[in-house]
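The values are calculated or read from the model by the stated rules, or taken from the named source; none is laboratory data. This is a predicted model, so every value here is computed, not measured. All Cβ positions, even for glycine, are placed from backbone atoms using ideal geometry, and neighbour counts span all protein chains on display. Heavy atoms of the whole protein, side chains included, go into the accessibility calculation; ligands, DNA and RNA do not. Shrake-Rupley method; radii C 1.70, N 1.55, O 1.52, S 1.80 Å.
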Amino acid sequence: MFPIVRYRPLRLITQSSLSCRCLKLMLSSPIAFAQIWKSWFSGRSLVGNKNIILMGPPGAGKTTIGRIVGQKLDCPVIDIDDDVLETTWNMSVSEKLQDVGNEQFLEEEGKALLKFSASGSVISLTGSNPMHAAGMRHMKKNGIVVYLDVPTAVIVSRLKSMKVDRIVGQSPGVSLKDILQFRKQFYKRWYDIRVVCGGNVAAEVVAEKVLDAVKRYQNTELETFISTRSGRSEQSMEKDSHKYFSDVVTESLAPDGGLFVPERGLPKFTAEEWQSLIEATYIERAQVILERCIHPADIPASKLAEIIGTAYGENFTCSKIAPVRHLAGNQFLLELFHGPTASFKDFALQMVPHIFAYCIPRSCNYLVLVATSGDTGSAVLDGFSRLHDTDKQRIAVINFFPEDGVSPIQKSQMIGCQKENAWSVGVKSDFDFCQTAIKQIFTNSDYTGFLTVEYGTALAAANSINWARLLPQMVYHASAYLDLVHQEIIPFGSPVDVCIPTGNFGNILAALYAKTMGIPIRKCICASNENNVLTDFIRTGVYDLRGRKLIRTFSPAVDILKSSNLERYLHLIANEDGQLVTQLYNQLENQGHFQLRKDLLEKLQQDLVAGWCSEEDCLAAIHSVYSTTGYILDTHTAVAKVVADRLQDRTCPIIISSTAHYSKFAPAILRALRIAEINQNPLSQLHLLSSYSPLPPVHWGLLETLKKRGNEDHQVCAADMSMLMSHIETLIQNHFM
């Protein structure tokens, strides 16, 4: 066992010096004494018997930052290089490496870790310690591992300036960058907390970030959720009302009918933190962003990495996951259709089923209910069907969709995506009925209680009313901005506008949330089709459903009149005034309309502008873009393109969300391209489109689904609540009993 080595020079406050200072202050200033005592005690309680273990590449600043953290906490500070390895070997680390070579060095370094023991200390690992599995398992038993994540380019620059000429793994033909990239897999395996470090951030600032991250890790109370229909202070008085991430994933809708939102808002990233992600891959960006949004007590970093890797590793046809493509002028397309079911819904719904399976208790079966206006259904069915077999036995999903309100290919896709734990039910009504019905089922405590008692089955939702659905969408809006910076279209900090076709307000809300987290989005442009209730609301502050009837259009995913996620945005701009939100939505439910106060409308219009597009203009835009570029827009993206053309001021780039692949809407696309003879068979339509050698190519996943034809049977029911509940009971009996 090695002795505990305390860092001696320049300790800010030691126990002995504390007692001397405290005696003087206690006599001269009781208030100052209390503040210092509180600071010292909180530092000691933060560490306790656990070690804070700093991990990262060579040149990350582990030793310097460790000393500062130790000084702030008045803890022993141990540097593995100086205080353990060199003491044990009686030679410098570089001499040892030169003496024994890479492999033997790692083995002997690991053995030294296995003999090492400490508690209540700040420990700075070597850059290569994480490559020895047994040694790291030993260290983690009594420590919180903090990964100092510094961009590779910054590390290379630092090591060159430090004239470091030898590190583990170095050999002829292997660059320093290659070594650092190789090591990342080991760092990612072991950390509990990540601290993102920009290139020019002072060590003192990083040390504070380490302390804040450790405090967050140890205190789950910091990240609770509240309902949009109850205020922050109101819920804080009731301890039992606190909900955590894992709770809101499984419960979906708050008991009072509101939607869950983070009580303290979303995390803020500094400009340096965002800039550190410019060179990162999409998966790396997702990991960093989502770690800050999901407390590790709910999903540890290692499990989150596994979920993200599963979601985006092999299921997307494009290696960039969500590429940004230049369209024309200052317009760029964010392509969100490279997932298995060809729409932006795949970004959330390849992740959410795995998050859900991890968060739910093992003692209960769960039936996930979802309403779709087109794209959500197949994405939910596909996502939940990819769960492990053991999870599929306890988790099933029912997809309710308007029987005559989706495109033929969307319908074929939903039917074809049915699996042993995933079913589609057509409803003889529109999307608004399906969504409202699900909300009513969730708030019917007698019915949900009956299902739990009688069948041991709880209900959950996979619509964007579920908070977990929104998080992956924030990622791609942030990533799109970083891609423009990476492509040198703009410098970091320059603003962009985004234009998003939206009906349920979830996708555009995710962009607004990315803005609150620090992405320089100037305006979010809300693009509607002829169901333009959102456009009217954003322009006037009046949300009015009186006399409105849903119009079926070529862009069915935005054929929505009741926009669920608007409630979350109103709660945000109203400063978490749950009573006001309750009042507005009670008025909408009972009277069919509400009006925002003038001050709230002014706030809203600082973030949002809106426009809408006719059916004729939608088809004309598809034809025009194809004629000039060879690129085919889907109908929803065409709606956004038309609105963007009208509303952008061309003073900054505009990112248009391309939310679905045109293959899903082949009849409308063929009509837009002015092709007279249109075969009614969906597969024939796709083959005809493919013959035009379009950009992008016809979606492979959709082709495969239609070729298989899958299970052609699906259930259809009337627009009646009792009928829907009967279907739910029957499917529970068939799957779980």
Would you point out which residue out of 358, 366 is open to solvent by 10 Å² or more (accessible area, probe 1.4 Å), assigned to a strand (DSSP E or B) and either out of contact with any Asp or Glu (no Cβ under 6 Å at 6 or more places or on another chain) or at pLDDT 90 or above (or both)?
366
Condition set assigned to a strand (DSSP E or B) and open to solvent by 10 Å² or more (accessible area, probe 1.4 Å), scope the stretch 240-260, selection nearest to residue 509 (Cα to Cα): answer is 253
Restricted to the stretch 192-228, and to residues that are under 19 Å from residue 244 (Cα atoms), without any contact (Cβ under 8 Å) to a residue 60 or more places away in the chain and not in a helix (DSSP H, G or I), which residue is least open to solvent (accessible area, probe 1.4 Å)?
224
The number of residues in the stretch 281-292 that are within 14 Å of residue 217 (Cα to Cα) and either surrounded by fewer than 20 Cβ atoms within 10 Å (Cβ to Cβ) or among the hydroxyl-bearing types (Ser, Thr, Tyr) (or both) is 1
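Give 450, 433, 492 a once-over and let me know the one that is in contact with a helix residue (DSSP H, G or I) (Cβ under 6 Å, 6 or more places away or on another chain), surrounded by fewer than 22 Cβ atoms within 10 Å (Cβ to Cβ) and outside any strand (DSSP E or B).
Matching residue, one of 450, 433, 492: 492.
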Just checking, how many residues over the stretch 315-329 are assigned to a strand (DSSP E or B) and open to solvent by less than 70 Å² (accessible area, probe 1.4 Å)?
3
Residue ID - nearest to residue 591 (Cα to Cα), chosen from residues in the stretch 514-530 that are part of a loop (DSSP other than H, G, I, E, B) and either open to solvent by less than 10 Å² (accessible area, probe 1.4 Å) or at pLDDT below 95 (or both):
529
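If we only count helices (runs of 4 or more DSSP H) wholly inside the stretch 633-734, which ones have 2 or more residues that are in contact with a Gly (Cβ under 6 Å, 6 or more places away or on another chain) and in contact (Cβ under 8 Å) with a residue 12 or more places away in the chain?
635-647
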Out of the stretch 293-314, which residues are crowded, with 22+ Cβ neighbours inside 10 Å and charged (D, E, K, R)?
none
Quick one: which of 152, 88, 126 is within 19 Å of residue 63 (Cα to Cα), over 38 Å from the mean Cα position of the chain (by Cα) and surrounded by 13 or more Cβ atoms within 10 Å (Cβ to Cβ)?
88
Do we have any residue at all in the stretch 589-607 that's among the aromatic types (Phe, Trp, Tyr) and in contact (Cβ under 8 Å) with a residue 60 or more places away in the chain?
no
Can you tell me which residues in the stretch 445-495 are under 27 Å from residue 339 (Cβ atoms) and among the charged types (D, E, K, R)?
469, 483
